[in-house]
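One structure is given here, and the rest of the page talks about it.
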There are 2 protein chains.
Amino acid sequence: MKDPKKSIVIEAVSPTVDGGRYPVKREVGDLFEVQADIFKEGHDHLLAFLKFRPWNADAWQETPMRYVDNDRWGGAFRLAENTRYVFTIEAVTDVFRSWLADFDKRVGADQDVRSDLLEGAQHLRAAAGRASGGVRQSLERYAARFTAADQAAAVAAAREPALAALMDGTLDRTDATWAREFEVVVDRERARFAAWYEFFPRSGQTPGKHATFRDAEFQLRRAAAMGFDVVYLPPIHPIGRAHRKGRNNALVAKPGEPGSPWAIGGPEGGHTAVHPDLGTIEDFDRFVETARSLGLEVALDFAIQCSPDHPYVREHPEWFFHRPDGTIKYAENPPKKYQDVYPVNFYGSDPEPLWKEMRRILDFWIAHGVRAFRVDNPHTKPVRFWEWLVREIQNEHPDIVFLAEAFTRPKMMKVLAKAGFSQSYTYFTWRNEKRELAEYLTEITTPPVSDHFRGNLWPNTPDILHETLQLGGHPAFKMRLVLAATLSSLYGIYSGYELCENVPREPGSEEYLDSEKYEIKARDWNAPGNLVGFITRVNTIRRAHPALQRMTTLEFFPSTDDAVVWYAKITPERDDVVFVAASLDVTRTRESLVDVPIDRLGLRADEPYVMHELLSDQTWEWRGPRGYVKLDPAVDPAQIFHLRRRA
Amino acid sequence: MKDPKKSIVIEAVSPTVDGGRYPVKREVGDLFEVQADIFKEGHDHLLAFLKFRPWNADAWQETPMRYVDNDRWGGAFRLAENTRYVFTIEAVTDVFRSWLADFDKRVGADQDVRSDLLEGAQHLRAAAGRASGGVRQSLERYAARFTAADQAAAVAAAREPALAALMDGTLDRTDATWAREFEVVVDRERARFAAWYEFFPRSGQTPGKHATFRDAEFQLRRAAAMGFDVVYLPPIHPIGRAHRKGRNNALVAKPGEPGSPWAIGGPEGGHTAVHPDLGTIEDFDRFVETARSLGLEVALDFAIQCSPDHPYVREHPEWFFHRPDGTIKYAENPPKKYQDVYPVNFYGSDPEPLWKEMRRILDFWIAHGVRAFRVDNPHTKPVRFWEWLVREIQNEHPDIVFLAEAFTRPKMMKVLAKAGFSQSYTYFTWRNEKRELAEYLTEITTPPVSDHFRGNLWPNTPDILHETLQLGGHPAFKMRLVLAATLSSLYGIYSGYELCENVPREPGSEEYLDSEKYEIKARDWNAPGNLVGFITRVNTIRRAHPALQRMTTLEFFPSTDDAVVWYAKITPERDDVVFVAASLDVTRTRESLVDVPIDRLGLRADEPYVMHELLSDQTWEWRGPRGYVKLDPAVDPAQIFHLRRRA
């Protein structure tokens, strides 16, 4: 029963994630638009303020909210900083305007308003008491005019805009109602717009020879030249000897075989050590610096698992699962066994040392210039751990980006994103039909999912070579690249993609033959038929087009051919309009009529517009709500059009 | 970082209102079905339990939840009591089945499972430690078989259903994850299914003579004979003299004019007193008892406002708004003035005495047998007050029903329902077109609105005589009655409806001429053309058909004529199927083809079915997905069909 005047209802605040349980995600520079239902018993006029502050700041900033319709209010503020903001809403009765509205009606009905003027004067004097100097004097003068004998003059005074401005400036918020606090994580732009390139730094230019970070600078130059923004390295740590896997995941490695980088840890060290064959930590620092000078950043793999030779096994046996026979459990997905890897036990009685050590690992690499982590299998560790870890890290380093490699059930993928992961792998690889592509990509690029989930689309990874690529070859590689690079503002490829490597270990398998996970590769990057130029072109187009740099600008439109997907990326201001046509059938030429929403683009039915196909640099003139595309897999299994009005 | 094993995610619990901020509403006897997303990192098997208890009980009851699909789980319990239940979800790892699933895979792959059996035996011994007697011994015997030399026998033992049952019975829930607690208010059935009849008890059979409660027993018999369940009385308290309104809301009452019952309070008392001309409190008790004997209950008006003569004005001047000139503010909706009524000030520094007094008023009438209150203008008092009041009352008297008379903006109407009101007036009166009827009624009878809001549909009230009735006369009264009585399981009429009273104070006004609010009426209930028989028939049909007694069974289906609305009420079990056709055009006969969802009703395309029109008792045989209706306003502007399979 306390605070009887705090009776304003504030509900249905939007955007929020699970009613405020988790933060919303946005990026620096965005205008953050908040709406809420705000109303009160009776007929008072209300004022509402959108309040916000970085989580570690004490003082609220605020911006007024405006009435939209049907008790809905809206306000917005610019997300200027890479931080986590807290936001809420403060709503208060506008006592003066409530009084004025009734007063106006009474005056309009020629009623006696002497008593109302006395009441108004009371409000003015109360406001004067909250003010000082000239404002105070002005308000007191107005109050005196209210109670003077000349009622017509008093009415005129009450209606002066200058008075309303004075009353606004002395608003009493003692009895304001506050909503609960919500959060919005504001990441840097790279969290939303980036092209990732994954490569194994140990694979160099000499067959069978373990490359060093110095050698791998060649890869950085290649990635930069192709227009990538982030290079992601599988684990760079010492690799265990015990139960080391051989070529093609053989149970026993032959002498000299390097083992899987995910069997982390050896006598040389664990998660904060560098594999000696790659070089030293100083070599790594130089590698990061070279990357930076090329406009690239380095993302590391964060895989919480250990080889039997990892120092933790000796130092912290309590961090592992022990069988009754005394052995430590290795990783399994029965009946598959991964004897070279021990999973980490998150269910010990005191998780604090383990959690803090995980944080220490990240802090170590952050101190060495790493700003992004691709997290291996986060869905096998407690969600609460990730929520804690990401928050802890981002409290200190709000620029750190976490990519969740969780290929698992949809709700777990989403809750990991809610709990803090900046980006997530997706089902894109397994979405190869027209309808499922439209449904899935629409789902993850529109609210509520897009408020917490940023899909990073990968046509391949070292673990996933989809049948579409195995069977479709070169045209399929081009088509899937264009889809990944334009459906989302985040995409990535694993190296070898540009060479259209597509031989599976066996028919029906999604694993690569001679997987790079178990051996050192040396590739001829200039092999005939390579996609280097094509990829470079696509990345150049992405960098030139703001519509492709945003996550939530995607919309599918009808096309007559079932194998032709047709979608647009349009900036909210409609100042950049990109259409993409892609043929899912790479066996023959497809033709399709495609719909263009000319009304929404502000084009008249008879108005010609320019469709500039950016991959081929060809230009057509279209007119009206329907166009025509022809996709020849040998030439252009996908097309990217920039729509322009005619000059 | 505490409780590291409590890592199960429980989210998207349904049904909830605003994520659990407010209770869900149901009625006694309902099966309450709860779903939630429940999942955990890794691949463990989970168990989940739906827990529930009356709010004032300590012990949880529970029922197991079952896996539905895509990490969605469901469970249900019967709402046996008229109380507020608390419910939540407890989820726990099924350690044994998780172990068994992996074990089975290993056995299937012919792997060495000795170590796994040791681990299994550990689980069994731990379970034995939680058990006693025979169960303990059985588990210890199983554990011994696990570790015996004969591995085949051990494998067989592990797979015995009897073992799984023993393990289920000794499940360790120490590390279970609990969801937050939610609430469901379980009202008695009358909160959902009732026909209300409003009459002024002071209006009797003699023109100009104030009737008594004894006289009004005649009205009870009429209401019961027509098949109503609840009689609702405007305020029965003493009426103020000061500024009493006269006939047709005249500013000054003539001598002998009774005044508005909503100008509550006089020298004879306030909200807990009975108007002396109606009789004594004992007369009221007898009236309530007579109603009960007729199968009726009495609903009182609860209007928190006072005449200038109310005892509160003298005893609690702090409960009113004071003008600077010393006068107390009367009610206004500028420029309209209600000088005979003082609004109550809920914004005093200490609301507790006022809130408690309001509760005392309700407790007083509850002690006199009142079980339902129609609350006047709740939207002009703080929502938090209602939330407190309804909860306080229902904690003691869960059978009390509150009807919110809030004809205001949609979000305020909804939040009052969320905050506790059992039923709500609606916009039904102003929904007279086909599309708007379908949209509005669908909105309020389906989730999320139907989870907290029960619409009570009134074709008229003492304040609202809609143009449809003014212009449409007799057929419009029949049509709107059938709509109200079949679109919702709750409806009501204000007396005079059965006489088709439809003269407005002036053209364009929704107010009655010679409004009963300001004068005593005497009516000829047997006047020619009365709808008494028709209303009786409609109420009889409602009582015979379970589909009409539920709120959420409504579905609209297509009809070819724009003036013909066509909808069904179908029980979830499809054992009662009612269709309604109503013509919104009462000027001429309308014919329409109407769709019948025969597939969902389990009817073959060529299968004939019986359409029994219940108002006329005529029967047709229809076949296939389309029927034909003809609505002659002079005969049947609306029809109610019971669909039956042929014997």
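The values are calculated or read from the model by the stated rules, or taken from the named source; none is laboratory data. Note that this is a predicted model, so its numbers are computed, not measured. Positions of Cβ are generated from backbone atoms using ideal geometry, with glycine treated the same way; all protein chains shown enter the neighbour counts. All accessible areas refer to the heavy atoms of the entire protein, side chains included, with ligands and DNA or RNA removed. Shrake-Rupley method; radii C 1.70, N 1.55, O 1.52, S 1.80 Å.
Here is how the numbers come out for the structure above:
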item: Apportionment of accessible area to carbon and sulfur, chain A, percent (1.4 Å); result: 50
item: Point-to-point label distance, B:Thr272-A:Glu189, nm (Cα→Cβ direction, 7 Å offset); result: 7.1
item: Average beta-carbon neighbours from other chains, 10 Å sphere, peptide A:408-416; result: 4
item: Spacing of the two label points (7 Å from each Cα toward its C-beta) at A:Arg292 and A:Ala148, in nm; result: 7.0
item: Distances in nm from A:Ser115 to the matching label points in the other copies, shortest first (labels 7 Å along Cα to Cβ); result: 9.0
item: Within the range A:411-455: backbone nitrogen closer than 20 Å to the B:Met1 label point (7 Å, Cα to C-beta); result: A:420
item: Order by protection proxy (mean Cβ within 10 Å, highest first), peptides A:228-237, B:460-469, A:550-559, B:276-285; result: A:228-237, B:460-469, A:550-559, B:276-285
item: FRET E, pair B:Glu555, A:Gln618, Förster distance 45 Å, beta-carbon r, rounded to 0.05; result: 0.25
item: Accessible surface buried upon A-B contact (total; probe 1.4 Å; Å², nearest 100); result: 5200
item: Label distances, nm, B:Ala522 versus same residue in remaining copies, Cβ-directed 7 Å point; result: 11.7
item: Mean-position separation - Cα centroids, the range B:205-227 and the range A:629-647, in angstrom; result: 81
item: Threshold 50 Å² - residues in the range A:318-359 whose accessible area is reduced by that much or more when the chain is no longer isolated, probe 1.4 Å; result: A:Arg323, A:Pro324, A:Pro334, A:Pro335, A:Tyr347
item: Of the trypsin sites (Lys or Arg not before Pro) in the range A:579-647, those whose Cβ has at most 12 other Cβ within 10 Å and which sit in DSSP loop; result: A:Arg588, A:Arg600, A:Arg604, A:Arg646
item: Per-copy distances of the B:Ser14 label point, shortest first, in nm (7 angstrom along Cα→Cβ); result: 1.8
item: Order by protection proxy (mean Cβ within 10 Å, highest first), peptides A:133-142, A:411-420; result: A:411-420, A:133-142
item: Label-to-label distance, nm, for residues given as B:Glu573 and A:Asn333 (7 Å Cα→Cβ offset); result: 4.7
item: Where rotation carries B onto A, the chain B residue whose Cβ is nearest that axis, in whole Å; result: B:Gly19, 2
item: Per-residue mean of C-beta atoms belonging to partner chains within 10 Å, peptide A:371-379; result: 1
item: Angle between chain B longest axis and helix B:114-130 axis [Cα atoms, degrees, rounded to 10]; result: 50
item: Estimated FRET transfer efficiency when R0 is 25 angstrom, pair A:Ser132-A:Asp175 (beta carbons, to 0.05); result: 0.70
item: Residue mean of other protein chain beta carbons inside 10 Å, A:63-75; result: 1
item: Gain upon complete extension [A:Arg141, A:Val532; 0.36 nm per residue less C-alpha separation]; result: 133.0 nm
item: Linear extension gain, A:Leu593 paired with A:Leu251, 0.36 nm per residue minus alpha-carbon span; result: 117.8 nm
item: Accessible-area value, B:His452, 1.4 Å probe, nucleic acids and ligands omitted, Å²; result: 10
item: Average accessible surface area per residue within the range B:430-508, 1.4 Å rolling probe, Å²; result: 31
item: Whole-angstrom gap from the range B:389-414 to the range A:75-149, using each part's C-alpha centre; result: 33
item: Theoretical gain in end-to-end length, B:Trp60 to B:His322 [0.36 nm per residue, Cα-Cα removed]; result: 89.2 nm
item: Rounded FRET efficiency, nearest 0.05, which uses the C-beta distance separating A:Gln111 from B:Glu506 and R0 of 30 Å; result: 0.85
item: For B:Phe87, distant residues with modelled amide H under 5 Å away; result: B:Phe182, B:Glu183, B:Val184
item: Probe 1.4 Å - accessible area at A:His397, Å² to nearest ten; result: 50
item: Value in Å of the Kirkwood radius, where the range A:155-247 supplies the Cα pairs that are averaged; result: 20.1
